[in-house]
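The values are calculated or read from the model by the stated rules, or taken from the named source; none is laboratory data. Because the structure is predicted, anything quoted here is derived from the model rather than measured. As a convention, Cβ positions derive from the backbone with ideal geometry for all residues, glycine included, and neighbour counts pool all protein chains shown. These area figures cover heavy atoms from the full protein model, side chains too; ligands, DNA and RNA do not enter into them. Shrake-Rupley method; radii C 1.70, N 1.55, O 1.52, S 1.80 Å.
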Amino acid sequence: MSIKTGFWAIAKQHPERIALVSADGREYTYQEVDDRANRLSNAFREMGLGFRDHIAILMHNDPAWIECFLAINQIGLYMTPINYHLTGPEVAYIVDNCEAKVFIAHARHAEAAQKAVQELNYDPAYCFSVGGEIPGFQSYDDLLAKHSSEAPADRKAGTLMLYTSGTTGRPKGVKRELQEGNPDVVATMAGMLGALFKLQAGEGTHLVTGPLYHAAPGGFGTASMHLGHTMVLMDKWDAEETLRLIDQYKVTVSHMVPTMFERLLHLPEAVRSKYDVSSVQCIIHGAAPINPETKRKMIEWWGPVLFEYYGATEGGGTLATSADWLEKPGTCGKPWPGSQVKIFDDNGNELGPNEPGHVYMSSMVGTFEYHKAPDKTAESFRGGLFTVGDIGMLDEDGWLFLCDRAKDLIISGGVNIYPAEVEKTMIEHPKVSDVAVFGIPNDEWGEEVKAVVQLKAGVEESEALKEELLDFCKERLAKYKLPRSIDFIDELPRLDTGKLYKRFLRDKYWEGRERKI
């Protein structure tokens, strides 16, 4: 019997199939998850939430995250999952900005949750705690117990309203207009996303390695669920634990970021060989540039299962299979079906092949606006296409190659230098674990190139090592691209999404100076 797509259809067809495995190993069937999501939908309705209202949640990779996601997606609500690394005031800003009618938080994040509701004077009748008590919050489990597990009447599709990470200011809500669509039809369309990555409906297991609040782990994970796959949740990423879970649950698909590949490859061979990874069919990766040698080594180890994409919270994007990438090393792909990618210069002129400029794209998931920020929305669009500030170029065959973020571009003596190119070179040095390159003030040239390096375990920093790294770069980069200085750091400020917060490194060098970019 062929399997249908869409969570709710699968819950009816295969109620005993395992839908979720929590980080502590507990298994939940499709029926169990469906029942709890229905109870929550009915609770929201009884509280008076109507079409296009918002809820906000603050939780790590917990089954309740999925229950909330499914609940809002069948009664026409928006859900904003909040980055659980944020402080109370930062959480309060998002809860207030999205106008959340209900706030649900996990007890692990009680301090930030309490500070947020106190700052907002938020009505405790609409605050609920998961996984334990939060003073002033009501029990999420008690709320569910009071309501029916029957599917709600008059079902309407809802969606997420995610917030950008806010590396250059306040985070912005990425909002798509809700239509009164059938949730089952929308779920089927979400499942179709997997077809781009050659995923099939039916048996399969998706390992969620990153935080569900982020667009990619959450989006690809729930798309797998709409295909009937089991979602295995990781609480905190660890290289060997990833291999163990792949072996134990016969994982077929996952989303990862390049820093994860680096750490997997750094495992001793004796550890790597303990686990069977032959079940893996698709590893989706993006979110950050990847060192070409790292990618080659992963393909040699796991096979041609790496699928690289380019996209953003706002939409996208492009896709390159392993075979595509091996033929066009460094590419992040061609546009998804129904999408476009174009390159424009600073004056809005479309550029030809191999000319770097601003990357603009359309989205197969529909247009968007930045919530309550019409000026920022207008700034991002050109002729129906949008940009998130990346610099790249299309080759003569239409393959996209990224150069860098526009805000990270270094202009030294009027010459453009792309930090990502320098980073890709330095990461190849056998003593370098991670690296960040950015511009710092130079009175004569405007900016100069600074490298901040995280060394591999056991490597001691020294002036001699700095010279060794500079000599390594001199053999591979033009003189004007070379770092003028190198600093060492214990660990670079990367989020678990793989995003590097260069601002935290760069700001101290620009203190008291104005950066023009």
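Exactly one residue out of Tyr93, Tyr28 is open to solvent by 40 Å² or more (accessible area, probe 1.4 Å) and aromatic (Phe, Trp, Tyr), and it is Tyr93. In the range 14-37, the residues that are over 13 Å from Asn61 (Cβ atoms) form Cβ pairs under 6 Å with partners that are open to solvent by 20 Å² or more (accessible area, probe 1.4 Å) and among the basic types (Lys, Arg), at six or more places apart or across chains, as follows: Tyr30/Arg17.
Under the condition of being within 20 Å of the chain's Cα centre (by Cα), in contact (Cβ under 8 Å) with a residue 40 or more places away in the chain and open to solvent by 30 Å² or more (accessible area, probe 1.4 Å), the residues counted in the range 390-405 number 2. Going residue by residue through the range 204-223, is there one that turns out to be assigned to a loop (DSSP other than H, G, I, E, B), touching a residue at least 12 places away in the same chain (Cβ under 8 Å) and over 17 Å from the mean Cα position of the chain (by Cα)? Checked against the condition, which is being assigned to a loop (DSSP other than H, G, I, E, B), touching a residue at least 12 places away in the same chain (Cβ under 8 Å) and over 17 Å from the mean Cα position of the chain (by Cα), the range 204-223 yields at least one hit.
Name the single residue that is modelled with the lowest pLDDT among those in the range 496-515 being closer than 26 Å to Thr313 by Cα, in a loop (DSSP other than H, G, I, E, B) and open to solvent by 40 Å² or more (accessible area, probe 1.4 Å). The selected residue is Asp496. Quick check: anything in the range 290-305 closer than 26 Å to Thr159 by Cβ, of a type in the set (Val, Ile, Thr) and either crowded, with 23+ Cβ neighbours inside 10 Å or in contact (Cβ under 8 Å) with a residue 12 or more places away in the chain (or both)? Within the range 290-305 (the criterion being closer than 26 Å to Thr159 by Cβ, of a type in the set (Val, Ile, Thr) and either crowded, with 23+ Cβ neighbours inside 10 Å or in contact (Cβ under 8 Å) with a residue 12 or more places away in the chain (or both)), the answer is no, since none of the residues qualifies. Counting only residues that are in contact (Cβ under 8 Å) with a residue 24 or more places away in the chain, open to solvent by 60 Å² or more (accessible area, probe 1.4 Å) and assigned to a helix (DSSP H, G or I), which one in the range 241-283 is farthest from Val435 (Cα to Cα)? Among those that are in contact (Cβ under 8 Å) with a residue 24 or more places away in the chain, open to solvent by 60 Å² or more (accessible area, probe 1.4 Å) and assigned to a helix (DSSP H, G or I), it is Arg244.
Yes or no, residue by residue, for (1) modelled with pLDDT under 95; (2) of a type in the set (A, V, I, L, M); (3) part of a helix (DSSP H, G or I):
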position	(1), (2), (3)
Val422	yes, yes, yes
Pro430	yes, no, no
Pro441	yes, no, no
Glu444	yes, no, no
Glu447	yes, no, no
Val452	no, yes, no
Ala457	yes, yes, no
Cys473	yes, no, yes
Asp490	yes, no, no
